[in-house]
Amino acid sequence: MLPRLRRLSVATTVSDDGAGAARQRRAQRGLSRLLVRDVRALRRLIVPSRLQATVPSWIEAVRALVGEYGSASASAAADFYDAERVAARVTGRFTVPMLDPPPDEQVDSALRWATKDLWPRNPEDPKTTVVQKRPIEERLDAAEKKAEAVVQKLVTDRGRGTIQEAVRRDRMAVGFARAAALGACAFCRLLAARGMVYKQDTADFRAHDGCNCGVIPVFKGQRFELSPHAQEWDRLYREYAAPYPGDQLRRFRRAIAEHG
Ligand SMILES: [Zn+2]
């Protein structure tokens, strides 16, 4: 009798700059672009002479967009996770749990924050900000920009959160890495340079408004490889920030500016 053939297991590699990561970033950026376009179209709902009545309906309409686009973000993330799992040749089935939308209160307070300078203020009041003294059209522009940034984060976070939650629950996932774009800010580059973090050591993924960083799952038997650009960030960090006391992020930021 022939011995049972053991399945040859060849370690696959995964990187913060692999084809999957790039596709995922394109998908999330594409959603962000459409989201911003739709949010802009809602601006006409705000009538400057009737802020009291119109801002709440604008908030409601934007919140609905955050829900829709957030679901699309979560399902794009789930597709990405499934594809990465297949590429890693992981055995056993797993269904990616989709992250729930953020609570209405969270979305509303982000949007109230974005629009707070729209409200008329007495110019003599010392608490009146520079922005609040500008004409309403300018204040609307500023509010619009802020709103775009906060909704982009809420929507992209839903995709990122879906991958993180999948990594936590999937017994075949060991951890995740951060994929930062070449032009990402120093904060994101520094975190990306750390490479893979084991799931038991991971805290919540920290992102800022306008952050396009992705979450890359790493599975059992896979080898994680830092991309050449993240290796370079790691080198800059080790050379110019890590050995010195004080604010490491500030040192790293300066290292990027001077040697990056
Ligand atoms: Zn980022």
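Summary table below
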read-out	value
Sparse-neighbourhood loop sites, trypsin sites (Lys or Arg not before Pro) in the stretch 200-260 - DSSP loop, at most 15 other Cβ within 10 angstrom	ARG206, LYS220
Two-decimal Rg to Rh for the chain - Kirkwood Rh, Cα set	1.07
Cβ-Cβ FRET estimate between ASP108 and ARG254, R0 fixed at 41 Å, reported to 0.05	0.60
Rounded, prolate or oblate (a/c below 1.5 giving rounded, otherwise prolate when a/b exceeds b/c) for the stretch 205-254 by Cα gyration tensor	oblate
Segments 188-194, 128-134 sorted - mean Cβ within 10 Å per residue, highest first	188-194, 128-134
Cα-centred dipole magnitude for the chain, charges only on beta-carbon of K, R (+1) and D, E (-1), debye, nearest 20	700
Exposure proxy ranking, count of Cβ atoms within 10 Å, fewest first, for LYS145, LYS127, LYS116, LYS153	LYS127, LYS145, LYS116, LYS153
Fraction in percent of alpha-carbon pairs per bin - 10 Å, the stretch 147-255	14, 41, 34, 11, 0
Antiparallel bridge percentage (DSSP; both residues within the chain; nearest 5)	75
Cβ-defined net charge surrounding ALA186, 14 Å radius [Lys, Arg +1; Asp, Glu -1]	+4
Cα-Cα separations in the stretch 1-108 greater than 23 Å, expressed as whole percent	51
Rounded Å value of the spacing that divides the Cα centres of the stretch 121-184 and the stretch 187-210	17
Pairwise FRET efficiency - VAL47 versus ARG206, Cβ, R0 = 25 Å, nearest 0.05	0.10
Solution diffusion estimate, µm²/s, Stokes-Einstein, the stretch 42-100, Kirkwood Rh from C-alpha pairs, 10 °C, viscosity 1.306 mPa s	111
Ellipsoid equivalent to the stretch 74-144 - semi-axes via the Cα gyration tensor, in Å	48, 13, 8
ALA83 paired with ARG134, simple spin-label distance in nm, labels 7 Å along Cα-to-beta-carbon	4.0
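Every number in this text was worked out from the coordinates using simple rules, so none of it is lab data. None of these values were measured; they are calculated from a predicted model. Positions of Cβ are backbone-derived with ideal geometry, glycine not excepted, and every protein chain shown enters the neighbour counts.
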